[in-house]
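The values are calculated or read from the model by the stated rules, or taken from the named source; none is laboratory data. Computed from a predicted structure; not experimentally measured. Backbone-built Cβ (ideal geometry, glycine too); neighbour counts: all protein chains shown. Heavy atoms of the whole protein, side chains included, go into the accessibility calculation; ligands, DNA and RNA do not. Shrake-Rupley method; radii C 1.70, N 1.55, O 1.52, S 1.80 Å.
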Amino acid sequence: MRKACEILGVVPMTLRRWEKAGKIQATRTPSGQRRYARSEILRLLGENQPKGVRAAIYARVSSAKQAGEGNLERQKQRLERYAREKGYEIKAVIAEQGSGLNEKRKGIDRIFKMVREGKIDLVVVEFKDRLARFGCNYIEKYLNAFGVRVEVVNGAEPKSLQEELVADMLAILSSFSAKLYGHRSKEFRKKVREAMKDIEAAEKAE
């Protein structure tokens, strides 16, 4: 089954669902493992991949400045073009401004709702951290549990987006410092200023 999933670009749950629906035939080994004939895989490749794949596009930037400069719109357009070229059926285009550390993003909530309702097979993102700055592997596992996979168009995040990481790290620092010292204390403001100077110095040294 693993090899068939790799060739077809789906997760095991999707393959089992297709088998149950009669879209693909499987044989069983004496130990109960599924085996798929080469002819069945080739047939599905011709009939179902990528045609018929229902995709949701998810684009995100962290700041209002990035959105104002058109980064969000351009990201969305690149993803739409990519999905069309792959032949995916675009079911939703979700673009939002918000920190990758924010757990209460409406766009992500909408993705989860569509996944639970069985409306999409795929989520297309430009970079993996568009889903979340930390913990995106958990999000991916959650989607996989419903037979939905994540397709990342590009690999590592470019240096042009490193300022987002700085902003997110400062948000973490501010949150912890506020809890330790209080929002209005001199110690709190001092800690944040020192951290910002250290980060700026590190960026100039690269």
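Table for the structure above
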{"item": "Matching residues in the stretch 17-35 - criterion: being touching a strand residue (DSSP E or B) at 6+ places or on another chain (Cβ under 8 Å) and surrounded by 15 or more Cβ atoms within 10 Å (Cβ to Cβ)", "result": "19, 26, 34"}
{"item": "Qualifying residue in the stretch 103-114 (condition: hydrophobic (A, V, I, L, M, F, W, C), open to solvent by 20 Å² or more (accessible area, probe 1.4 Å), at pLDDT below 90 and farther than 11 Å from residue 58 by Cα)", "result": "no"}
{"item": "Criterion: open to solvent by 40 Å² or more (accessible area, probe 1.4 Å) and either touching a strand residue (DSSP E or B) at 6+ places or on another chain (Cβ under 8 Å) or not hydrophobic (A, V, I, L, M, F, W, C) (or both) - qualifying residue of 40, 96, 89", "result": "89"}
{"item": "The lone exception for residue 75 - which of (1) over 22 Å from residue 126 (Cβ atoms); (2) surrounded by 16 or more Cβ atoms within 10 Å (Cβ to Cβ) it fails", "result": "(1)"}
{"item": "Residue, modelled with the highest pLDDT, within the stretch 121-138, restricted to residues that are open to solvent by less than 30 Å² (accessible area, probe 1.4 Å) and part of a helix (DSSP H, G or I)", "result": "130"}
{"item": "Yes/no for residue 9 being open to solvent by 40 Å² or more (accessible area, probe 1.4 Å) and under 24 Å from residue 140 (Cα atoms)", "result": "no"}
